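Heads up, the thing below is written out as structure tokens.
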């Protein structure tokens, strides 16, 4: 027969385990979620880096060749890549500043007492971000139609000429940025409105007693106190704008020609139309680097502000 365990030893072991858990509880509780997230994030990232070092095609008939950094060297000589980078940056530089400006203005309006309709007005302002990007893109593609689109009807009503909108190479990116502005300005509004409503009232009351004007209240108190919310909105929108794919693919497919082909769209074309999986993986790696550098840059700017 197996000898019975010493009750004192059992108690001592339970106490030791309990004290270990108590000492490391802040690490043990989030550990399962951290492990799962790390696997879901790192595994695809490492596999993409591995693919980017190969000349690999979707076709099983073509051999797989290890090219090391050859794909990245090719990227530097690829004029289409540099065009995609420029279109991506142009889209971001148009959309994000306008979203921040409009979002701040709308948040300031919604922060006021609007009477019994306040809840309804806020709900209406936030409606655009509820729809899925593909549905929004389909609606706007109809509105951009040079012949039947409602936007040209409004232009003619105002006595202006028709526009080709996304069919014009010079207007494609600004038109796509307009769609992004319309859909995601409400997100900026929510973030900034939360920041406005969490501000203490004491600095404003003291400034009013000292005779500060509304403009001075805004520039000297509101904006400095709103900086954390502004940087949070800026970071989220920069990251999202740089990797925008859905509305561009649905409305223009990167056209006309390659006038609205961003890095995301180019990577998709390269991988699933030209069947160059290795080169597409290297393009996505460059996109990841760009997004990471921008996010870190904004974070550094926030710390210095």
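Applying the criterion of being surrounded by 14 or more Cβ atoms within 10 Å (Cβ to Cβ) and either free of Cβ contacts under 8 Å to residues at least 40 places away in the same chain or under 26 Å from residue 193 (Cβ atoms) (or both) to the residues of the range 122-138, the residue that is farthest from the chain's Cα centre (by Cα) is 122.
Residue selection: residue 112 satisfies the criterion of being without any contact (Cβ under 8 Å) to a residue 40 or more places away in the chain and exposed (fewer than 10 other Cβ atoms within 10 Å of the Cβ). Number of residues in the range 116-141 that are in contact with a helix residue (DSSP H, G or I) (Cβ under 8 Å, 6 or more places away or on another chain) and under 28 Å from residue 257 (Cβ atoms): the value is 7.
Does the range 231-253 contain at least one residue that is in contact (Cβ under 8 Å) with a residue 12 or more places away in the chain and more than 24 Å from the chain's Cα centre (by Cα)? So far as the range 231-253 goes, no, none of its residues is in contact (Cβ under 8 Å) with a residue 12 or more places away in the chain and more than 24 Å from the chain's Cα centre (by Cα).
Looking at residue 63, is it closer than 30 Å to residue 287 by Cα and modelled with pLDDT under 85? When the stated conditions are applied, residue 63 passes them.
If you filter the range 157-172 down to residues that are more than 14 Å from residue 143 (Cα to Cα), in contact with a helix residue (DSSP H, G or I) (Cβ under 9 Å, 6 or more places away or on another chain) and without any contact (Cβ under 8 Å) to a residue 24 or more places away in the chain, you find that the one that is surrounded by the most Cβ atoms within 10 Å (Cβ to Cβ) is 171. Within the range 65-83, is even one residue touching a residue at least 24 places away in the same chain (Cβ under 8 Å), out of contact with any helix residue (DSSP H, G or I) (no Cβ under 9 Å at 6 or more places or on another chain) and exposed (fewer than 12 other Cβ atoms within 10 Å of the Cβ)? No, the range 65-83 contains no residue that is touching a residue at least 24 places away in the same chain (Cβ under 8 Å), out of contact with any helix residue (DSSP H, G or I) (no Cβ under 9 Å at 6 or more places or on another chain) and exposed (fewer than 12 other Cβ atoms within 10 Å of the Cβ).
The values are calculated or read from the model by the stated rules, or taken from the named source; none is laboratory data. Please read these numbers as outputs of a predicted model, since none were measured by experiment. Cβ coordinates were reconstructed from backbone atoms using ideal geometry, including for glycine residues, and neighbour counts include every protein chain displayed.
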